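Heads up: the structure comes next, in structure tokens.
The values are calculated or read from the model by the stated rules, or taken from the named source; none is laboratory data. What you see is a predicted model, and the numbers here were worked out from it, not measured in a lab. We place every Cβ from the backbone using ideal geometry, glycine too, and count neighbours over all the protein chains shown. For accessibility, only protein heavy atoms count, side chains too; no ligands or nucleic acids. Shrake-Rupley method; radii C 1.70, N 1.55, O 1.52, S 1.80 Å.
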Amino acid sequence: MSDRPGRLEGKLAIVTGAARGQGEAICRAFVDEGARVVVCDVLDEDGEGVAASIGGAATYRHLDVADEQNWQSVVTWCTETLGNPNVLVNNAGIVRAAPMEETTLDDYRAVVEVNQVGCFLGMRSVIGPMREAGGGSIVNTSSVAGLHGVRGVIAYAASKYAVRGMTRSAALELGVDGIRVNSIHPGTIDTPMVNTEEFAHVDRAAYFSAIPAGRIGQPRDVAMVALFLASDESAYCTGAEFIVDGGSSTGTRV
């Protein structure tokens, strides 16, 4: 066992969409490196299970990221119970896959509310506490769909482009307070989001054998980048975009 301090020793992180997939992996990676985490989601049973399995360094709180009052109550509870957060990971997200002409306004708005509005509300909610703490790190989960167009997910792509823009704007505004803001752009990661009937038609073996990494991404691949951005190792990184896609944005091997 190493006696070195954890990379996030003494830090308190709020992670959204943390009941499974990328969010769960991020929580586990953070606690392994010394952080305390607030596991946030709307999937209460799953979220409580994740927090319980991690142990005393994790606490679950119900959070609908599109609800302004819910954000305020969670952040207030956090500051009054655990202290001011040093890290926020805006990871919660949903997708609705359909051709543009078949995408309903309700579906479009639902995606924007979670992916875009939820990210905005999260960032705004932690500014005061992070300023009082002397600074912090905000990590926003965008997507490679926020870097280039993707067929069949117009609302998702629009929301992820918005996250990219908000990240840069927030970095410009909050740098004076010692708050860094960066975005992660995952490719296809093996999570419940992509294991649905909406994507059953995709020939995964053919697709992933052609990209440079030769495999689908795993939640831990994203968690390790989030860990770097949450830590002081990335102290000179803000307003930046970190691509975690196995090289798929670069091109294919065939």
Q.
Please go through the range 91-118 and give me each residue that is in contact (Cβ under 8 Å) with a residue 60 or more places away in the chain and open to solvent by 40 Å² or more (accessible area, probe 1.4 Å), ordered by number.
A. 94, 96
(Q) Cβ-Cβ under 8 Å, sequence separation 6+ or interchain: first residue in the range 166-189 and more than 18 Å from residue 247 (Cβ to Cβ), partner in a strand (DSSP E or B) and basic (Lys, Arg). Which pairs? (A) 171/180; 174/180
Q: Restricting attention to helices (runs of 4 or more DSSP H) lying wholly within the range 22-125, give those where 3 or more residues are within 25 Å of residue 157 (Cβ to Cβ).
A: 105-112
Q. Within the range 128-150, how many residues turn out to be hydrophobic (A, V, I, L, M, F, W, C) and farther than 12 Å from residue 177 by Cβ?
A. 5
Q: Taking residue 39 as the residue in question, decide whether it is surrounded by 22 or more Cβ atoms within 10 Å (Cβ to Cβ) and at pLDDT 95 or above.
A: yes
Q. Give me the pairs: first residue in the range 230-247 and open to solvent by less than 20 Å² (accessible area, probe 1.4 Å), second residue among the polar types (S, T, N, Q), beta-carbon distance under 7 Å, and six or more apart or on different chains, which are they?
A. 230/137
Q: Report whether or not residue 191 is part of a helix (DSSP H, G or I), of a type in the set (S, T, N, Q) and within 16 Å of residue 89 (Cβ to Cβ).
A: no
(Q) What's the number of the only condition in (1) assigned to a strand (DSSP E or B); (2) open to solvent by 40 Å² or more (accessible area, probe 1.4 Å) that residue 168 fails to meet? (A) (1)
Q | Filtered residues of the range 12-24 (kept if surrounded by fewer than 24 Cβ atoms within 10 Å (Cβ to Cβ) and under 18 Å from residue 184 (Cβ atoms)) | A | 20, 21
Q: Examine the range 43-57 for a residue that is surrounded by 18 or more Cβ atoms within 10 Å (Cβ to Cβ), among the β-branched types (Val, Ile, Thr) and within 21 Å of residue 123 (Cβ to Cβ), and state whether such a residue exists.
A: no
Q | Any hit, the range 64-76, residues being open to solvent by less than 20 Å² (accessible area, probe 1.4 Å), of a type in the set (A, V, I, L, M), in contact with a Gly (Cβ under 8 Å, 6 or more places away or on another chain) and within 18 Å of residue 231 (Cβ to Cβ) | A | no
